[in-house]
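> Quick one: structure below, then a few questions.
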Amino acid sequence: QCPWGAPNTTSISCSLADVMSEQLAKELQLEEENAAFPEVVAVAEGPFITGENTDTSSDLMLAQMLQMEFDREYDAQLRREERKINGDSKVSISFENYRKVHPYDSDSSEDEVDWQDTRHDPYRADKPTTTPRKGFIGKGKDITTKHDEVVCGRKNTARMENFAPEFQVGDGIGMDLKLSNQVFNALKQHAYSEERRSARLHEKKEHSTAEKAVDPKTRLLLYKMVNAGMLETITGCISTGKESVVFHAYGGKSATEDKVMPPECAIKVFKTTLNEFKNRDKYIKDDYRFKDRFSKLNPRKIIRMWAEKEMHNLTRMQNAGIPCPQVVILKKHVLVMSFIGQDQVPAPKLKDVTLSSEDMKKAYYQILNMMQQLYKECNLIHADLSEYNMLWHDRKVWLIDVSQSVEPTHPHGLEFLFRDCRNVSQFFQKGGVVEALNERELFNAVSGLNITADNEVDFQAEIEALEKMNEDHVQNHGKKLSMFPSDGDPPIFDE
Ligand code: ADP
Ligand code: MN
């Protein structure tokens, strides 16, 4: 016998027809309700509102539904915060990665809306949904793995968004299109090779712009200068040389170290590719100002030293009143100086202007004067002086490009000076300035030396002998104790 006693077997007096009619009534009522409040039913996404046709007998199911409800609320709150933070800002941040329910996890209409919500920003490439690390979503028979064909297909379609914008992917993104992995991979391969191809096509054009002519680190440096308000805009490239790239920029409002920014600036970017500088070693290796540091430095720092050298030399010239660009700021291998020219148009090089004979003569005497000042007051030899590095602006000559300039004590300094003199003499003699001294006379006039050789070979031999004498002296007395006074006076060789 059953220990709980016999079941009560008294039948309920209820006919089949009654039961049938009761069910019918329920059904009818439900239909009526649905018709009366259709939107309520459509919006009713929560398990508790649509609960009538959901099996709530299982605790697990109940817990899952609660979790789902929580996740949805969590995501809704996340969206609100996202909107609050982003506001009308052009740049928006996305909390999508923090969402509990991901757009591709389910097919519900609510998710469809979410999907659109997070994608309203056309500038943002959407992240494809992630399957959690464990590799599947869901429980029991509802399990969906990352290998699921449908899910993968949708993901693949969504990923097409990440292709380059000019790559035509059709309208598939808007539809429930499922791309097989094979098709997607083929398409991806094609998109990437297209991207590379078009990049190659544009390469030439982009090289001419200010941004692409320099490496990313330099670009960041320039960008920071603009950001700090030092520069207003960098308009473009003035010159691309072997060792440097020069840009034009409009000065910003912000003053650096109590210096007011000039209205227009020239930015000289020393190239960080080292090959270009190999042949310049001799200018800096033997310059005693940098000698101690040279051996300890890595190549990148040596290039910065070039920029530093140009800055120091320009400052000396500025102090002597020689027309030259004014140093604004030095950052690593980037030197910002005042622009010689106007309205983005750099002053022409002396080699490119046609001067009246009067201006030509004026220019010659000005240069003679500047060379003497450079030597006597700045204790410098330009070392690359020619019609290529002199600009004609405001009816006078401006000296530029002094990164290689050295002091007269440099072991080859006098040779450099003689070369400068030859360039200048030849230019002005060819230019019809009858008063122009020949290179040997000019050399003596600038250096204060009196080398009497009347031909070039002997003259150069004497220069080299003087250089050797100077070197020996430096050797004997230690390099810091050169025979030149430290107050910047020119050397006196006749001892
Ligand atoms: P490089 O070592 O490449 O010859 P330069 O200093 O001579 O470097 O600059 C290259 C060119 O850039 C010059 O010939 C000149 O046309 C232009 N340039 C350089 N500095 C200035 C400046 N401060 N103002 C105007 N133009 C400049
Ligand atoms: Mn130059």
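The values are calculated or read from the model by the stated rules, or taken from the named source; none is laboratory data. Being a predicted model, the structure only gives us computed values, none of them experimental. Using ideal geometry, Cβ is built from the backbone for each residue, glycine included, and neighbour counts are taken over all protein chains shown. Quick note on the areas: whole protein, heavy atoms, side chains included, nothing else; ligands and nucleic acids left out. Shrake-Rupley method; radii C 1.70, N 1.55, O 1.52, S 1.80 Å.
> Looking at (1) basic (Lys, Arg); (2) more than 16 Å from ligand 1 (Cβ to nearest atom); (3) under 19 Å from PHE428 (Cβ atoms), can you tell me which one LYS351 breaks?
So LYS351 meets the others, but not (2).
> Taking region 392-408 on its own, how many of its residues are under 17 Å from SER357 (Cα atoms) and either near ligand 1 (Cβ under 8 Å from one of its atoms) or not charged (D, E, K, R) (or both)?
3
> Can you tell me which of LEU449, LEU437, LEU466 is outside any helix (DSSP H, G or I) and under 15 Å from PRO408 (Cα atoms)?
Just a single option satisfies the conditions, and that option is LEU449.
> Here's a follow-up. For a quick check of your reading of the model, give me the residue pairs whose first member lies in region 298-309 and is touching a residue at least 12 places away in the same chain (Cβ under 8 Å), whose second is among the charged types (D, E, K, R), with beta-carbon atoms closer than 7 Å and at least 6 apart or on different chains.
ARG304/LYS332
> Of the conditions (1) part of a helix (DSSP H, G or I); (2) open to solvent by less than 20 Å² (accessible area, probe 1.4 Å); (3) of a type outside the set (Asp, Glu); (4) within 13 Å of ligand 1 (Cβ to nearest atom), ALA383 satisfies every one except a single condition; which number is it?
The single condition ALA383 does not satisfy is (1).
> Follow-up question, since we're still on this one. Using beta carbons and a limit of 7 Å, which pairs, at least six apart or on different chains, have the first residue in region 338-355 and part of a strand (DSSP E or B) and the second one β-branched (Val, Ile, Thr)?
Final answer for the pair search is SER338/VAL328; PRO346/ILE238; PRO346/ILE340.
> Could you name every one of the strands (runs of 3 or more DSSP E) located completely within region 196-289 that has at least 1 residues being at pLDDT 90 or above and open to solvent by 80 Å² or more (accessible area, probe 1.4 Å)?
Here the list reads 231-240.
> Can I ask one more? Among the candidates ASN455, ASN444, ASN450, which residue alone is in contact with an Asp or Glu (Cβ under 9 Å, 6 or more places away or on another chain) and of a type in the set (S, T, N, Q)?
ASN450
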